[in-house]
Every structure is written in structure tokens, then in C-alpha cells.
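Below is one structure, written out as C-alpha cells; the observations come after it.
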Amino acid sequence: MVKLLVRKLAELLLVLFVVSLLSFLLLSLVPGGNPALRILGDQATPESIAALEAELGLDDPMVVRYANWLAGVLQGDLGRSTDLNQDVSSVLAEKLPITIELAVLAIGIGIVVSIPLGVVSAWRQGGLVDRIITSTSFAVLSLPSFLIAIVLLIVFAVKWKLVPAAPAWVPFTESPFTNLKNLILPVSAMALGEIAVLTRVLRSDMIEVLQSGFVETARAKGLTTPYILFRHALPAALTSMLTLVGLQIAGAMTGAVIIEQIFGLPGIGRTMLLAISRRDLVLVQGTVLVVASAYVVVNFLVDIAYRLTDPRIRRG
């Protein structure tokens with residue numbers, strides 16, 4: 001197991017290195033991505049641009065610039081936003097918790113709701129309840145998240161006025177109630193898709209587990225159906241769901257871009273869209289690096305957790 005962890009950690013570091021390299025090339029190779037020109041403006045003289053490039057080290061060879069940039073990244077310095085005139089690290093430290101809260105709440109609700117739905121659907125396989133749950137899950141999966149978000153916004157915010165349509169962001173630490181109230185619609189828009197995916201995966205695994213010999217033995221012993229389902233079958237069926245949850249958490253952080261834009265949440269996704277529209281490539285570069293690194297790290301942790309929880313893989 002130690003050798004496996006060392007190998008996986010080495011793979012993680014290699015992937016992070018590739019991610020950092022691609023993030024750096026994003027800023028270096030995109031046309032019009034010269035930070036000096038962006039800072040000084042279109043009216044700047046060639047002499048002033050050249051002077052600022054020398055000051056920022058932009059006239060150094062690309063290998064040298066990458067080494068200097070990577071050294072700064074390792075120290076937490078992601079550069080300075082040319083549009084906001086703030087350190088990128090400070091901007092992301094302010095915006096990232098919003099996206100994380102949105103993603104974690106959506107995944108959490110998805111897990112809580114999908115477990116009973118998946119278990120009941122597998123237990124009543126082929127029955128009316130199973131058909132309703134399966135059909136509803138398929139219908140939700142066939143709809144894009146932005147369409148679900150728009151429908152929820154029109155119905156609950158515009159028509160029924162149950163929640164504000166474009167609320168001002170209030171951190172959880174300032175007002176937990178207002179914070180959660182303002183997140184009802186965006187979290188619901190993301191959670192519906194998570195519920196549908198996790199329910200279908202858990203249903204499939206539960207059906208397979210319920211046909212196993214140890215479940216038949218439990219039935220022969222006279223154990224109650226709820227005890228068999230939740231004590232014996234569910235733990236054995238959660239392995240695939242665990243893997244998927246990790247991937248969904250990482251995916252939700254990147255998928256929150258559209259949701260944040262629709263509901264006006266100042267998260268990392270909306271920040272990146274604004275940075276792209278304003279050609280603030282330093283901020284785009286830092287955002288891509290952080291999100292991609294988070295995705296890779298989460299996948300690494302899920303892989304390790306999957307191997308620790310599945311004895312068949314651990315023995316292999």
C-alpha cells in the first residue's frame with residue numbers, strides 16, 4: 001500500500017506540473033496577452049512598454065519566466081490582476097469559498113436525497129415507484145443545468161417571489177440564514193442533476209448487490225428488509241458512488257460557472273468569465289491553475305479512498 005501511495009503521489013505531482021506549464025503557456029501564447037500593454041493601455045509608447053516588460057521580466061527567455069513564475073506560485077504568488085489591480089491570490093481567496101460552498105451544498109443534498117431514492121428504486125425494481133424514480137432521473141439528466149436554473153428562477157423568484165431573483169452576496173459568517181436563503185435556487189439547480197446521477201448509479205449497484213449470496217443468506221436468517229437494505233446491501237453498493245461523488249465535487253466547481261453567472265454569485269466561475277471578457281489573462285491563468293489543481297487533488301484523494309474502502313482492490 002505504501003508503494004501505491006508513493007506512485008500515486010508521484011503521478012499527482014507530475015500532473016500538477018503539467019497543469020502549471022499549460023497555465024503558464026496560456027498567458028504567454030495568447031495573442032494580446034502582454035500584461036505590460038494591458039497595464040499601460042493602448043496609448044502607451046513602445047519605450048514605456050519595453051521598460052515595464054524589463055521590470056516585470058517579460059523580456060526574459062520563456063524557460064526563465066516559467067521558472068520564476070513557478071517559484072512564485074509555490075510561495076502563493078499567482079501574479080497581479082491587470083484589471084482589478086489586486087493580487088490574484090487575494091481575489092481567489094475571496095471568491096473560491098463561494099464556489100466551494102455552492103458545490104458542497106449541492107453534492108451534500110444530492111447524497112442525502114439519492115441514497116433513499118436509489119435504495120427504494122432497486123428494492124422495487126420494475127415496479128411503479130422504480131419507474132417513476134428512473135423516469136424522473138432520466139428527464140432531469142436530459143436537461144442542461146442552465147435551463148433548470150432559468151426555470152427555477154422564473155417560477156420561484158419572478159412569479160412566486162419566494163426568494164430574491166438577484167440577491168446581494170452575504171457570507172455565511174455574517175448571516176447564516178440570509179446566506180442559505182440566497183443559495184436556495186442555485187444549489188437546487190445544481191443538486192437536481194447530482195440527485196439524478198447518484199440515484200441511477202446507486203440503483204444499478206444496489207440491484208447487483210441484492211442478487212448476491214450474502215443478501216440471500218441474510219433473508220434466510222429472517223432479518224428485516226430495512227436491516228438488509230441499509231445494513232448489508234447499501235455499504236457494499238456505496239463504493240462506486242464514493243468515486244462518483246469525488247468526481248462530482250471536482251466537476252461541480254467547474255460546472256458552477258453557468259450557475260454563478262445566472263444567479264449573480266461572485267464565485268470563482270463568474271470571476272473567470274469576467275476576467276476573460278476583460279482580457280485579464282493573469283487572473284484567468286491563476287483561476288485555471290487553482291481549479292485544475294483542485295480537480296486533480298480531489299481525484300487523487302478519491303482514488304486513494306476508493307482503494308482503501310474496497311478490499312478487492314486493496315488486496316490487488
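Given THR134, THR178, which one is more than 30 Å from LEU238 (Cα to Cα), under 26 Å from the mean Cα position of the chain (by Cα), hydroxyl-bearing (Ser, Thr, Tyr) and surrounded by 15 or more Cβ atoms within 10 Å (Cβ to Cβ)?
Residue meeting the stated conditions: THR178.
Would a scan of region 243-255 turn up a residue that is surrounded by fewer than 17 Cβ atoms within 10 Å (Cβ to Cβ) and touching an Asp or Glu at 6+ places or on another chain (Cβ under 9 Å)? The answer is no, given that none of the residues of region 243-255 is surrounded by fewer than 17 Cβ atoms within 10 Å (Cβ to Cβ) and touching an Asp or Glu at 6+ places or on another chain (Cβ under 9 Å). Within region 281-314, being over 19 Å from LEU12 (Cα atoms), surrounded by 18 or more Cβ atoms within 10 Å (Cβ to Cβ) and modelled with pLDDT under 85 holds for LEU281, VAL282.
A quick yes/no check of all residues on (1) part of a helix (DSSP H, G or I); (2) within 23 Å of ALA252 (Cα to Cα); (3) β-branched (Val, Ile, Thr):
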site	(1), (2), (3)
SER121	yes, no, no
ILE132	yes, no, yes
LEU153	yes, yes, no
LEU185	yes, yes, no
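Could we say that LEU117 is within 30 Å of GLU174 (Cβ to Cβ) and buried (at least 18 other Cβ atoms within 10 Å of the Cβ) here? Answer is no for this residue. Under the condition of being free of Cβ contacts under 8 Å to residues at least 24 places away in the same chain and part of a helix (DSSP H, G or I), the residues counted in region 214-250 number 13. Can you spot a residue in region 220-236 that is under 15 Å from GLY110 (Cα atoms) and among the hydrophobic types (A, V, I, L, M, F, W, C)? Looking through region 220-236, none of the residues is under 15 Å from GLY110 (Cα atoms) and among the hydrophobic types (A, V, I, L, M, F, W, C). Across region 55-90, the number of residues qualifying as surrounded by 13 or more Cβ atoms within 10 Å (Cβ to Cβ), over 29 Å from the mean Cα position of the chain (by Cα), touching a residue at least 24 places away in the same chain (Cβ under 8 Å) and not in a loop (DSSP other than H, G, I, E, B) comes to 1. When we screen VAL257, VAL298, VAL282 for residues that are touching a strand residue (DSSP E or B) at 6+ places or on another chain (Cβ under 8 Å), over 27 Å from TRP123 (Cα atoms) and part of a helix (DSSP H, G or I), the only hit is VAL282. Scanning region 38-54 for residues that are at pLDDT 70 or above and part of a helix (DSSP H, G or I) yields ILE39, LEU40, PRO46, GLU47, SER48, ILE49, ALA50, ALA51, LEU52, GLU53, ALA54.
The values are calculated or read from the model by the stated rules, or taken from the named source; none is laboratory data. In this text the structure is predicted, and so the values were computed from the model without any measurement. FYI the Cβ positions are ideal-geometry reconstructions off the backbone, even for glycines, and counts take in every protein chain you see.
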